[in-house]
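The values are calculated or read from the model by the stated rules, or taken from the named source; none is laboratory data. Bear in mind that the values here come from a model prediction, so they are computed numbers and not experimental data. Here the Cβ positions follow ideal geometry from the backbone for every residue, glycine too, while neighbour counts run over all protein chains shown.
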Number of protein chains: 2
Amino acid sequence: MTVTMKQLADECGFSKATVSRALNNDSRVKDDTRRYIQEMAQRYNYRPHTVASNLAKRQTRIVGMLMPQAPRGAADPFFLEFLQGINETLFHSGYSLLIPQVPLQYMQQALDQMIYEHRVDGVILTEPTQKDERMPRLQQEGIPFVLLGRTSQPDVYWVDGENRQGARKAVEHLLDMGHRRIGVIEGEANQVATANRVRGYEEALQDAGVNPHGDWRLNADYTRQGAYDAVSRWLDQRGHRRVTALFACNDLMAIGALQAMKDFGLRVPDDMGLVGFDGIEASSCVDPSLTTVQQPILQLGRTASSQLLQLLQGQCPAHRQIALPVSLVVRESSGAPRQSLRSS
Amino acid sequence: MTVTMKQLADECGFSKATVSRALNNDSRVKDDTRRYIQEMAQRYNYRPHTVASNLAKRQTRIVGMLMPQAPRGAADPFFLEFLQGINETLFHSGYSLLIPQVPLQYMQQALDQMIYEHRVDGVILTEPTQKDERMPRLQQEGIPFVLLGRTSQPDVYWVDGENRQGARKAVEHLLDMGHRRIGVIEGEANQVATANRVRGYEEALQDAGVNPHGDWRLNADYTRQGAYDAVSRWLDQRGHRRVTALFACNDLMAIGALQAMKDFGLRVPDDMGLVGFDGIEASSCVDPSLTTVQQPILQLGRTASSQLLQLLQGQCPAHRQIALPVSLVVRESSGAPRQSLRSS
DNA sequence: CTGAAAGCGCTAACAA
DNA sequence: TTGTTAGCGCTTTCAG
């Protein structure tokens, strides 16, 4: 039994136009009538028909988000927390988030739907790759978007953690703990974030006068299982014989590495130091707890979405590029003394 | 540079109506013209305007999902996997999922928006409480919905895991391992799932002739931290003095319990056996790995969404209530021998 | 099999 | 300050 605006208008004795204005707080309507109409709307339990309103306004009040490439994705707690930051912000501005969480092969199709079928007003992209073809598409269609991650294109709005510096801090910490031969578990190779984290790793070693050996690099895909497999193989092949610590490009992989080492009979940190990246909750739950680079995950989500909201409202955000600082959280896996969860 | 249906129609030399029919595979249009029009649509890169189409059809092709009450929610891996099952199914039918992941106090508001402002065609509810006021709302508005969880209302469509039987299996397993005094870490009290799991726990004990003691019940809220705190307090107060094993109503709480025991200096399973519920991925990652009751999480999501899709398409699903079986996965925390991740 | 015309419910010029 | 009049882009009777 829904009441339409026309019915409400008739009931009020005003025209649809006035009712529409009153409900949208247009300044051109007399205070009395606005109050009256709003009151009536309440009484008749009137609710605007979003779809109709959207059609007329040529908007959807929906923001699309393309989840990262499989096999990473919603399984990574990082993105969950990120999502929460986004949702929070959007909700308060009356926007909702649409996440076509689909298999990789449909990713393009999902983006097309969002863009060309007018399903969303704006988009949040994550996990940019070296030459990401999603951005030109969005630009061409004039759809506002914000990127989680960074790109060299100067006209793109992005938000990112300090990947390179974070990785540096992680590796410098391992160096401080006395390690010299430090390996790295890399995430997917085509991602910008991977490149930057690996760069930070290399720089730290370089500064310490250590020349990274080819055997010290393990390729994985940002998943736990992927890292577990890669590290297991590496251990089996005795690729680790001279390495005393590993820096993993994210926590999930660090956790996988931890398990592989356990299964191989290596103790962490005694036999092998380990540092992760992201600061997901699980990093504090594993045993030994994981030393990691804490990203301001929620904040990344909030920032990305509020940038996008500004764009959608036709404003021009103060900064196009925002890099948020990260911090090293020292726990057990890198060799520090045990600590309890009690303090948390 | 979007092309509208009118433009396409003009280009084709047909009327909008025919074009609309052709593109929607209406049988009343000649095969030749249909093919021709579809070809032209491709060529001109025509994309239907979803909002307009939705307005005319009085639908949105969007399904809303109300995430569980805080503090549980998107932080629980269970729901992520569940979500994935839903998304998969919906995507293949051209539906998308809207998840207003908002603070608890806005939950009602979010539901209202979805319902009354015609933002969604149907809803998936989770975590029913004893007297859940969301269902009457939806029923009154005639909005199709499916429940994850169960209810006594006979006319509601629901999908659920076998909570009671699962809990029984868990506790019977502990009994088999020689435990008699088995405690339970309960989830939020007002949830139906909690009641059923606790019931299963009680029944198993009863059948074994064990009379559960009041001290054996710990109250928590389905979160890791909540369980950590509850168990820590319990241990401090020496409430555990006669208990040799715990059944946690979900894995997250089991993990929290694990940490609390570690911090207290108790070894699992030697000093205290532990079994969880859900079978989230993390249950196999912790140390010791967690014996748990595996729910068919993905399948729950798929089933719930395909039930809903049927309702949305005006069909009548074969079953109103679907209870999917669960299975006990025995790992280390209940006293079984260590096992490697390699097999996974 | 195809077309004309009337909406879907709301917004936004343009008048008054 | 308010009302009139066209749409937004698509679907769907109802005729032909």
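Here are the numbers:
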{"quantity": "Selection from region A:108-127 of residues that are part of a helix (DSSP H, G or I) and over 18 Å from the mean Cα position of the chain (by Cα)", "calculated": "A:108, A:109, A:110, A:112, A:113, A:114, A:115, A:116"}
{"quantity": "Pair list, Cβ under 6 Å, 6 or more apart: region B:187-211 residue within 20 Å of residue B:147 (Cβ to Cβ) and modelled with pLDDT under 95, other residue acidic (Asp, Glu) and not in a helix (DSSP H, G or I)", "calculated": "B:188/B:221; B:191/B:127"}
{"quantity": "Selection status of residue B:74, surrounded by 17 or more Cβ atoms within 10 Å (Cβ to Cβ) and modelled with pLDDT under 95", "calculated": "yes"}
{"quantity": "Number of positions in region A:235-257 that are surrounded by fewer than 24 Cβ atoms within 10 Å (Cβ to Cβ) and away from every other protein chain (no Cβ under 14 Å)", "calculated": "8"}
{"quantity": "Residues satisfying the stated conditions in region B:37-53, i.e. touching a helix residue (DSSP H, G or I) at 6+ places or on another chain (Cβ under 7 Å) and more than 8 Å from DNA strand D (Cβ to nearest atom)", "calculated": "B:37, B:38, B:40, B:41, B:44"}
{"quantity": "Residue satisfying all of: in region B:250-290; out of contact with any Asp or Glu (no Cβ under 7 Å at 6 or more places or on another chain) and in a strand (DSSP E or B); farthest from residue B:91 (Cα to Cα) among these", "calculated": "B:273"}
{"quantity": "Conditions (1) more than 8 Å from DNA strand D (Cβ to nearest atom); (2) polar (S, T, N, Q); (3) at the interface with another protein chain (Cβ under 9 Å from one of its Cβ atoms); (4) not in a helix (DSSP H, G or I): number failed by residue B:84", "calculated": "(4)"}
{"quantity": "Single residue of region A:93-107 satisfying the filter (more than 8 Å from chain B (Cβ to nearest Cβ) and part of a helix (DSSP H, G or I)) that is nearest to residue A:138 (Cα to Cα)", "calculated": "A:107"}
{"quantity": "Counted residues, region B:102-122 - those being under 23 Å from residue A:55 (Cα atoms) and of a type in the set (A, V, I, L, M, F, W, C)", "calculated": "5"}
{"quantity": "Selection from region A:23-51 of residues that are within 39 Å of the chain's Cα centre (by Cα) and surrounded by 16 or more Cβ atoms within 10 Å (Cβ to Cβ)", "calculated": "A:23, A:46, A:47, A:48, A:49, A:50, A:51"}
{"quantity": "Selection from region A:26-60 of residues that are more than 11 Å from DNA strand C (Cβ to nearest atom) and either among the aromatic types (Phe, Trp, Tyr) or in a loop (DSSP other than H, G, I, E, B) (or both)", "calculated": "A:27, A:29, A:30, A:36, A:44, A:45, A:60"}
{"quantity": "Among (1) touching a Lys or Arg at 6+ places or on another chain (Cβ under 9 Å); (2) modelled with pLDDT of 95 or more; (3) closer than 26 Å to residue B:304 by Cβ, the one test that residue B:169 misses", "calculated": "(1)"}
{"quantity": "Filtered residue count, region A:7-25, keeping only those that are more than 8 Å from DNA strand C (Cβ to nearest atom) and among the small types (Gly, Ala, Ser)", "calculated": "3"}
{"quantity": "Which listed residue, of B:183, B:149, is in contact with a strand residue (DSSP E or B) (Cβ under 6 Å, 6 or more places away or on another chain), surrounded by 19 or more Cβ atoms within 10 Å (Cβ to Cβ) and on the phi > 0 side of the Ramachandran plot", "calculated": "B:149"}
{"quantity": "Within region A:6-25, tally of residues that are of a type in the set (Lys, Arg) and either part of a loop (DSSP other than H, G, I, E, B) or near DNA strand D (Cβ under 7 Å from one of its atoms) (or both)", "calculated": "2"}
{"quantity": "Some residue of region A:210-217 being surrounded by 24 or more Cβ atoms within 10 Å (Cβ to Cβ) and of a type in the set (A, V, I, L, M)", "calculated": "no"}
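Quick grid of which residues meet (1) more than 16 Å from DNA strand D (Cβ to nearest atom); (2) more than 11 Å from chain B (Cβ to nearest Cβ); (3) within 30 Å of residue A:252 (Cβ to Cβ); (4) not polar (S, T, N, Q):
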site	(1), (2), (3), (4)
A:27	no, yes, no, no
A:90	yes, no, yes, yes
A:109	yes, no, yes, no
A:112	no, no, yes, yes
